[in-house]
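Below you'll find the structure, written out as structure tokens, and then a few comments.
The values are calculated or read from the model by the stated rules, or taken from the named source; none is laboratory data. Please read all numbers here as calculations on a predicted model, not as lab measurements. For neighbour counting, all protein chains shown are included, and Cβ atoms are generated from backbone atoms with ideal geometry for every residue, glycine included. SASA here: full protein model, heavy atoms, side chains in, ligands and nucleic acids out. Shrake-Rupley method; radii C 1.70, N 1.55, O 1.52, S 1.80 Å.
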Amino acid sequence: MAGSSDRWIGDRRSRVNRRTLAERRAAAERRAKKGSPAKVERREGRERRAGQRRSGKDRRSEAAWQPIALEQAAAGTFDDSALVAAAIDAREHARARFSGFKVGAALETDAGFVITGCNIENATYGLTMCAERVALFKALSEGHGVFTRIAVVADTNDPTPPCGSCRQLLWEYCGDVDVILANLTEVKRRMRLSELLPLPFDVRLLE
């Protein structure tokens, strides 16, 4: 029985591996065509931004290393309501009994999937995990690899940006994604990750 089970698991993994990225994108495109024109437009926008990141034009540009003051970035006019709503829902699951500061995050993939996360605190504080990293690690562990935007929500008047560790990890695995900062009622700021991390340490310095 154990050998049969191992073969079944191996066959399942082989079938999953044979489903290429192109096939997954084709399936996402078919699903999007069945939706509304607005959904198709958002999908095309995601594909355009994902294509820029894959080409390296924005993530590896030296311009991304130039410092930009946080105050210079104004909220955009993009439709981020659905992504922010997902982050608000995720925030309700936060484990923040020590600080009482709950944060929710929602990370969008190039195929339109949304993976959420919330902050999870620990009595030692040092082991606390931010909402952004929870969402990122979940997404990576589920096989996602190309991302377009992330929404971060906290119950604050001012925008609550990702901490330094989160910025570094988002840059490493997401590139120069759009970052939407919101509270429970409105979007406060919309910016690129390169504005939050103007001089990143990455693989370019290791080559």
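Does residue 78 count as more than 20 Å from residue 170 (Cβ to Cβ) and either at pLDDT 95 or above or open to solvent by 40 Å² or more (accessible area, probe 1.4 Å) (or both)? In short, no. When residues in the range 102-132 are screened for being more than 15 Å from the chain's Cα centre (by Cα) and assigned to a strand (DSSP E or B), 2 of them pass. Residue 128 meets the conditions (1) under 19 Å from residue 156 (Cβ atoms); (2) at pLDDT 95 or above; (3) touching a strand residue (DSSP E or B) at 6+ places or on another chain (Cβ under 6 Å) in every case but one. The failed one is (3). For the range 100-111, residues that are touching a strand residue (DSSP E or B) at 6+ places or on another chain (Cβ under 9 Å) and free of Cβ contacts under 8 Å to residues at least 12 places away in the same chain total 0. With respect to residue 114, is the statement that it is touching a strand residue (DSSP E or B) at 6+ places or on another chain (Cβ under 6 Å), open to solvent by less than 40 Å² (accessible area, probe 1.4 Å) and under 18 Å from residue 83 (Cα atoms) true? So residue 114 does not fit the description; no.
So that you can scan it fast, the table gives a plain yes or no per residue for (1) open to solvent by 60 Å² or more (accessible area, probe 1.4 Å); (2) in contact (Cβ under 8 Å) with a residue 60 or more places away in the chain; (3) more than 22 Å from residue 81 (Cα to Cα); (4) not in a loop (DSSP other than H, G, I, E, B):
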site	(1), (2), (3), (4)
148	no, yes, no, yes
160	no, no, no, no
165	yes, no, yes, yes
170	no, no, no, yes
190	no, yes, no, yes
198	no, yes, yes, no
